[in-house]
């Protein structure tokens, strides 16, 4: 989690997910939207803005979870 409330996700490979793509968890629940792509081309990072502010418990569930771009 960043001070702005976004969370950072690392890509599993070089395929880039475009900004404004929705990000969902394994259950299909949309967790947020990609707002920035940065880092190395081989395995970039994404800054994801959650749909709403996460509670500490929700933040812990996202930590270490696998997320998918829709």
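The values are calculated or read from the model by the stated rules, or taken from the named source; none is laboratory data. Bear in mind the structure is a predicted one, so any value in this text is a computation, not a measurement. Positions of Cβ are generated from backbone atoms using ideal geometry, with glycine treated the same way; all protein chains shown enter the neighbour counts.
Taking the condition of being within 12 Å of the chain's Cα centre (by Cα) and either part of a helix (DSSP H, G or I) or at pLDDT 90 or above (or both), how many residues in region 29-60 meet it?
14
Anything in region 1-23 that is over 12 Å from the mean Cα position of the chain (by Cα) and surrounded by 10 or more Cβ atoms within 10 Å (Cβ to Cβ)? List them, or say none.
Once the filter is applied, which keeps residues that are over 12 Å from the mean Cα position of the chain (by Cα) and surrounded by 10 or more Cβ atoms within 10 Å (Cβ to Cβ), region 1-23 yields 14, 16.
Looking only at region 1-21, filter to residues that are within 16 Å of residue 53 (Cα to Cα) and not in a loop (DSSP other than H, G, I, E, B); which one of those is modelled with the lowest pLDDT?
Looking at residues that are within 16 Å of residue 53 (Cα to Cα) and not in a loop (DSSP other than H, G, I, E, B), I get 7.
Condition first: in contact (Cβ under 8 Å) with a residue 12 or more places away in the chain and surrounded by 10 or more Cβ atoms within 10 Å (Cβ to Cβ). Now tell me which residues in region 50-60 satisfy that.
50, 51, 54, 59
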